[in-house]
Structures are given as C-alpha cells and as structure tokens.
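Peer 1: The following block contains the structure, expressed as structure tokens.
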Amino acid sequence: MEAIEQEIIDDFALFDTWEDKYQYIIELGQKLPVFNPEFKTDDYRIKGCQSSVWLDASYSDGRIVFYADSDSTFVKGEIALLMKVLSGRTPQEILDAKLEFIDSIGLRQHMAVTRANGLNAMVKQMKAYALAHSAN
Amino acid sequence: MNAFDPGRIRADFPILSERPYGKPLIYFDNAASSQKPKSVIDAITEYYSHSNANIHRGVHYLSQKASEAYDAVRVALKDFLNAPSEDEIVFVRGTTEAVNLVAATFGRTHVQAGDEVLISAMEHHSNIVPWQMLCEEKGAKLRVIPIDDHGQLRLDQVDNLITERTRIVSLVHVSNSLGTINPVKEVIRLAHAKGVPVFVDGAQSTAHFQVDVQDLDADFFAFSGHKILGPTGIGVLYGKRALLESMPPYQGGGEMIRSVSFERTTYNDIPLRFEAGTPNIAGVIALGEALRYWESIDRDTAVQWENTLLAHATVALQGISGVQLIGTAAEKASVLSFVIDEVNALDAGMYLDTKGIAVRTGHHCTEPVMHRFGIPGTIRASFMFYNTLEEIDEFVNHLHGAIRLLRPLNA
Ligand SMILES: Cc1ncc(COP(=O)(O)O)c(C=O)c1O
C-alpha cells in the first residue's frame with residue numbers, strides 16, 4: 001500500500017500547478033466504474049460533505065472493494081484517488097492506512113476547510129466499513 | 001465625477017485588502033453578509049474600551065453614556081426607515097428573529113384553525129419555517145404566491161390568494177437567490193383592501209436602496225444589521241404602533257416588564273416589551289455607526305453603481321456558452337444567480353475560491369426556489385457598492401478557467 005502512495009506522490013510531483021493536479025484527479029474520477037443509480041439513496045450518502053457523495057462496498061475473499069460517486073467533479077476525483085489506495089485491500093490494511101500522501105501532494109492547501117472535511121468524512125466512512133468487516 | 005469611486009470607498013473596508021491563498025480578495029458574497037467599514041469595527045472597540053456598562057439601569061456615568069448611545073440608534077433607525085416613531089423600532093438578533101417574534105406574538109393571537117398565512121415561492125427559509133410552525137400548531141394553512149419563469153412574483157394571482165381566512169401576508173422585498181425586487185407596495189395595497197397586514201422581509205433590500213416604511217405602508221418590516229455594513233447579532237423589526245401595542249410579549253425577563261410580583265407581572269410599553277434581557281449593546285451602537293456610514297455616501301450614486309456592476313456582469317455571463325441565469329426579473333438588485341451546463345455549482349465555487357473569489361453556491365436557504373427551477377442549486381455572485389468592474393472581469397475570466405477544467409472532456 002505504501003508503494004501505491006509513493007507512486008501517487010511521484011506522479012503529482014510532475015505537475016507544476018494545482019490545476020494540472022486537479023486535471024489529473026478529475027480524469028481519474030471520470031474513469032471510475034459507473035455507480036449503480038439505485039444506490040444513490042440516503043442510506044449510502046456520506047454526511048459531512050457539502051456535495052453529495054455515495055459510497056458502497058462489497059467484501060469477498062478477505063478484501064473490500066469500494067464503489068462511489070459524487071455530483072461534484074472535484075470530489076469524485078478525490079474519491080478515485082482514495083480508491084486507488086484503499087479499494088481491494090484487507091480490512092486491517094484499510095484501518096492501518098495513514099494516507100499521508102494526501103498532505104504530501106498538497107491537495108488540501110488550495111481549498112477551504114469544508115473540502116478537507118469532505119475528504120475526512122469519506123475516509124472515515126471507508127474505515128467504518130473496514131472496521132465492520134475486521135470484527136467478523 | 002459621474003462614476004462612483006469605489007477606489008476611495010474601498011479604503012474604508014480593511015478586509016478588502018485580505019489576500020486569500022495569496023491572491024487579492026474578490027468578495028462577491030455580499031448577500032450573505034456585507035463587509036464592515038473601519039468606523040463600524042472601531043465603534044465596537046471604542047464601546048468596550050470607554051463606555052461598557054449595562055443600560056437603562058445604572059445611575060452611574062458609564063451606564064448613562066451607554067444608554068444614551070444605545071437610545072440614539074433607535075432614533076437613527078427611525079430615520080433610516082422613515083418610521084413615524086422610534087417606539088416602533090424593536091431590536092432583534094436579525095431578520096430571522098423578527099419573523100419568529102411576529103409569528104409567535106401576532107401570529108399566535110390572530111391565526112386560528114382554518115386560517116391562512118400567505119407567503120411567496122421565493123421566500124428565504126427564515127420566512128417560511130416560523131409560519132409553517134405556527135400553521136402546524138394552529139391547524140392553519142400556509143399558502144404560496146407562485147413565481148414565473150423569470151423569478152417574478154405572479155402579481156395577478158395575489159388578489160385571489162388573499163381570502164377572508166388570510167390573517168397575514170409575509171413577503172420578501174428582494175429575493176436573496178434571484179435578485180428580484182418585489183412589488184411590495186402593490187401587494188400591501190391589495191392586502192390592506194381586505195384588511196390583512198403585511199410583513200416585509202427587508203434583509204436584502206435595505207443594503208441596496210432606500211426604504212420608506214410609510215411610503216410602502218408596511219405593517220412590519222425587518223432587516224439584519226450584518227447585511228447593511230453593521231455587525232452580526234443585531235437586527236431591526238419595525239411594526240406599526242397599533243399592531244405592536246396589541247401584541248403580547250415574545251420572551252419574558254428583565255427590561256420587558258413594568259413590575260413583577262409572584263402574583264402578577266405587568267409588561268413594559270413598546271418597544272421594550274419585546275426586548276427581554278440585556279440587549280446586544282455593542283451591536284446596536286456599531287449598527288448606529290453603520291447608519292452614519294450610509295449617510296456619508298451618496299446613496300443614489302451607490303445604487304447606480306451597483307446597477308452598473310449588475311448590468312456589466314449580466315452581459316458578461318450571458319456571453320459564456322452553457323451559462324444560464326436563474327432570476328431574470330425586470331427589476332433586480334445586485335444578485336446574479338446562475339448555473340453552468342455540466343458543471344456542478346459547488347465545484348465552480350471551489351475553483352473560484354482558489355482564485356480568491358468568494359461566491360456562494362447551493363440553494364441559498366431558498367430550497368423551494370431551486371425546486372421551482374428544477375435545479376439543486378446555483379452559483380451566486382452578489383455585489384456591493386465597493387465592488388469594481390475589474391473584479392467582475394477577473395471573475396468572468398476565472399469562470400472560463402473553471403469551465404475548462406470541470407466540463408467533462410468528450411462532451
Ligand atoms: C431574504 C432573506 N431573508 C432572511 C434572511 C435571514 O437573515 P438572518 O440570518 O440575518 O436572520 C436572509 C439572510 O440570509 C435573507 O437573505
């Protein structure tokens with residue numbers, strides 16, 4: 001997992017401006033598999049984000065796969081980034097993830113606090129899924 | 001000089017030289033809250049440094065000084081609204097509290113089961129929910145004046161909607177999400193013809209043009225200090241004397257009583273009857289300073305300048321493909337709401353924020369307006385006389401940048 005985080009950090013080092021960084025993130029978001037619209041309900045909605053974010057997860061063979069969508073292009077890109085690191089991992093790996101790359105790539109310094117909150121809420125929800133499955 | 005000189009005016013507002021993310025601040029969220037001139041900010045420090053004491057109770061020097069300054073603002077507000085008497089000026093926390101006060105006092109005594117309260121489809125939540133709560137409590141009905149596709153009040157429907165069961169009409173003067181200036185004077189005339197009083201939510205009007213409550217013949221008129229260059233936590237409810245005098249108190253406590261015993265309490269006269277407890281003295285005094293600022297500028301020229309800003313921005317936005325203005329009323333004040341095809345409003349707002357540009361995105365506490373137009377929210381730029389044409393050009397430039405970045409690639 002740390003290898004993936006390092007890869008992301010290296011990728012981002014290639015960009016000069018944050019617009020370029022976001023261009024990249026937005027493209028990642030657009031490549032996310034389509035989220036089943038039937039799951040776009042309050043049950044799957046993450047609270048604490050200003051935008052609408054839906055998150056679902058499946059668990060098999062000891063690994064959690066996440067599915068997510070957002071009406072915000074920025075947020076969807078950030079989700080895609082998180083998924084790169086967290087999706088397909090074991091519950092323990094997800095729980096242990098420190099996600100230091102978020103700070104290293106400088107995602108947070110460009111945007112106001114509510115944004116950071118959104119990202120935190122997403123991480124929290126992903127870890128909650130992991131916790132539920134690690135208890136099994 | 002025929003053009004307004006925002007350069008000179010801007011120097012009065014310290015916050016306008018802030019640099020969010022190292023970029024010059026472009027503050028286009030004035031409908032949410034205006035910025036404050038230095039004189040208003042200083043008045044707060046000055047009060048706490050040299051006059052602070054509780055009012056109307058002390059015999060001592062400071063209390064007298066604070067009481068005089070406080071009472072003088074009520075008189076200044078009477079002039080600001082051209083109210084007949086300062087007794088008709090009630091201090092509240094803001095527009096929201098004013099609506100709640102009238103709903104809980106006038107509303108509770110006059111609205112019964114089967115009665116109706118009439119509002120419009122473009123009300124702020126603060127002019128919906130208190131009436132809804134009242135109607136629920138009483139078994140009364142909330143009725144709504146519809147709006148047209150330009151975001152204008154359907155004036156042709158008003159007369160029909162005021163029935164023999166209507167107990168009060170409550171209407172926004174200027175819509176915070178559409179910018180529409182409502183024909184409140186005409187609505188008041190129609191309502192009065194049937195003996196129905198009208199509450200006017202002036203949260204957005206007082207900042208943009210002179211209001212004369214006698215000319216409007218409004219029964220109640222409310223606004224918030226923080227939207228007219230004053231501090232937060234202080235607002236004004238104007239009410240016609242006969243109505244205020246007929247109303248029971250809102251909250252109980254000190255100041256609002258004449259005498260108290262365990263058997264019986266008698267209430268104070270208006271306006272103190274509605275002002276229980278130690279008021280926001282510093283807020284009132286700073287609001288008085290804001291009124292002084294309004295007097296120091298030429299209001300007609302300020303209004304013209306804001307209209308110039310609005311017209312300039314409107315034309316510029318209409319020139320961007322995929323931008324759709326929400327709220328295209330013939331009469332508008334300083335609010336520009338819009339959506340962009342395939343670009344989420346929040347994303348656009350976040351992008352602009354990174355450029356130091358403050359706009360508001362979302363439903364602006366007017367969810368029913370958003371439902372009316374079938375959209376989740378808008379991007380809203382709202383102007384004040386200290387904004388400039390250059391700021392608008394910069395904003396439009398960055399909007400192009402936002403669209404370039406955010407529009408789906410192969411659309
Ligand atoms: C039209 C309108 N009414 C009422 C309010 C509520 O004002 P406050 O929050 O100051 O009480 C606002 C403020 O956003 C407004 O724009």
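Peer 1: Please pick out the residue among B:311, B:286 that is assigned by TED's automatic domain parsing to the domain that holds residue B:379 and small (Gly, Ala, Ser).
Peer 2: Details: B:286 fails: assigned by TED's automatic domain parsing to the domain that holds residue B:379.
Selected residue: B:311, the only one of B:311, B:286 that is assigned by TED's automatic domain parsing to the domain that holds residue B:379 and small (Gly, Ala, Ser).
Peer 1: To continue, here is another question. Of the residues B:377, B:362, only one is without any contact (Cβ under 8 Å) to a residue 40 or more places away in the chain, within 16 Å of the ligand (Cβ to nearest atom) and touching a His at 6+ places or on another chain (Cβ under 9 Å); which? Reasoning before the result, please.
Peer 2: Numbers: B:362 fails: touching a His at 6+ places or on another chain (Cβ under 9 Å).
Only one candidate passes the filter, namely B:377.
Peer 1: Another question, if that's okay. If I filter the stretch B:339-346 for residues that are touching an Asp or Glu at 6+ places or on another chain (Cβ under 8 Å) and more than 9 Å from chain A (Cβ to nearest Cβ), do I get at least one hit?
Peer 2: no
Peer 1: Read through the list (1) in contact with a Ser or Thr (Cβ under 8 Å, 6 or more places away or on another chain); (2) at pLDDT below 95; (3) basic (Lys, Arg), then give the number of the only condition that residue B:264 fails.
Peer 2: Looking at each condition in turn, residue B:264 falls short on (1).
Peer 1: Moving to a separate point now. How many residues does the stretch A:28-47 contain that are under 21 Å from residue B:349 (Cβ atoms) and within 14 Å of chain B (Cβ to nearest Cβ)?
Peer 2: First pass over the stretch A:28-47, keeping only residues under 21 Å from residue B:349 (Cβ atoms): A:29-30, A:45-47.
Next, only the ones that are within 14 Å of chain B (Cβ to nearest Cβ) stay: A:29-30, A:45.
Number satisfying all stated conditions: 3.
Peer 1: Which ones in the stretch B:1-33 are touching a Phe, Trp or Tyr at 6+ places or on another chain (Cβ under 9 Å) and polar (S, T, N, Q)?
Peer 2: B:30
Peer 1: OK, next. Against the definition (under 20 Å from the mean Cα position of the chain (by Cα) and not polar (S, T, N, Q)), how does residue B:400 come out, yes or no? Before you say what the answer is, go through the steps one by one.
Peer 2: Details: under 20 Å from the mean Cα position of the chain (by Cα): no; not polar (S, T, N, Q): yes.
Against the criterion (under 20 Å from the mean Cα position of the chain (by Cα) and not polar (S, T, N, Q)), residue B:400 does not qualify.
Peer 1: Please enumerate the residues belonging to the stretch B:119-139 that are crowded, with 22+ Cβ neighbours inside 10 Å and over 21 Å from residue B:180 (Cβ atoms).
Peer 2: B:130, B:134
Peer 1: Also, I was wondering about something else. Just to be sure I understand, how many residues within the stretch B:353-397 are assigned to a helix (DSSP H, G or I), within 14 Å of another protein chain (Cβ to nearest Cβ) and in contact with a Gly (Cβ under 9 Å, 6 or more places away or on another chain)? Give the steps one after another, and end with the answer.
Peer 2: As a first pass, look at the stretch B:353-397 and keep what is assigned to a helix (DSSP H, G or I): B:353-354, B:367-373, B:389-397.
Now narrow it down to the ones that are within 14 Å of another protein chain (Cβ to nearest Cβ): B:353-354, B:370, B:397.
From what's left, in contact with a Gly (Cβ under 9 Å, 6 or more places away or on another chain): B:370.
Qualifying residue count, the stretch B:353-397: 1.
The values are calculated or read from the model by the stated rules, or taken from the named source; none is laboratory data. Bear in mind that the values here come from a model prediction, so they are computed numbers and not experimental data. Cβ: placed from backbone, ideal geometry, glycine included. Neighbour counts: every protein chain shown.
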